[in-house]
Amino acid sequence: MPSACLRRKCIMAVMNENVSDSAVEHGVELAYIRGASGREFTTSVSNVEPTH
């Protein structure tokens, strides 16, 4: 049976990353998502909605 990631988008990881370019840290939660094509992209965790 094919992996669920081959049929739809799958969250691969959620990380808190420092995105600041100054001495003051600014962390955001990023979701790393892999689509059926195998290509990965990132988005804010708040943009991710569960599917049923």
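Some values worked out for this structure:
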{"quantity": "The stretch 19-52: number of residues that are of a type outside the set (Val, Ile, Thr), closer than 11 Å to residue 9 by Cα and touching a residue at least 12 places away in the same chain (Cβ under 8 Å)", "calculated": "5"}
{"quantity": "Output for the stretch 5-52, where each listed residue is charged (D, E, K, R) and modelled with pLDDT under 90", "calculated": "7, 8, 9, 17, 34, 39, 40, 49"}
{"quantity": "The one condition in (1) surrounded by 10 or more Cβ atoms within 10 Å (Cβ to Cβ); (2) modelled with pLDDT under 80; (3) not acidic (Asp, Glu) that residue 1 fails to fulfil", "calculated": "(1)"}
{"quantity": "Restricting the stretch 20-38 to residues that are surrounded by fewer than 10 Cβ atoms within 10 Å (Cβ to Cβ) and not hydroxyl-bearing (Ser, Thr, Tyr), the residue that is nearest to residue 48 (Cα to Cα)", "calculated": "38"}
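The values are calculated or read from the model by the stated rules, or taken from the named source; none is laboratory data. Quick caveat, the model's predicted, so the values are computed rather than measured. FYI the Cβ positions are ideal-geometry reconstructions off the backbone, even for glycines, and counts take in every protein chain you see.
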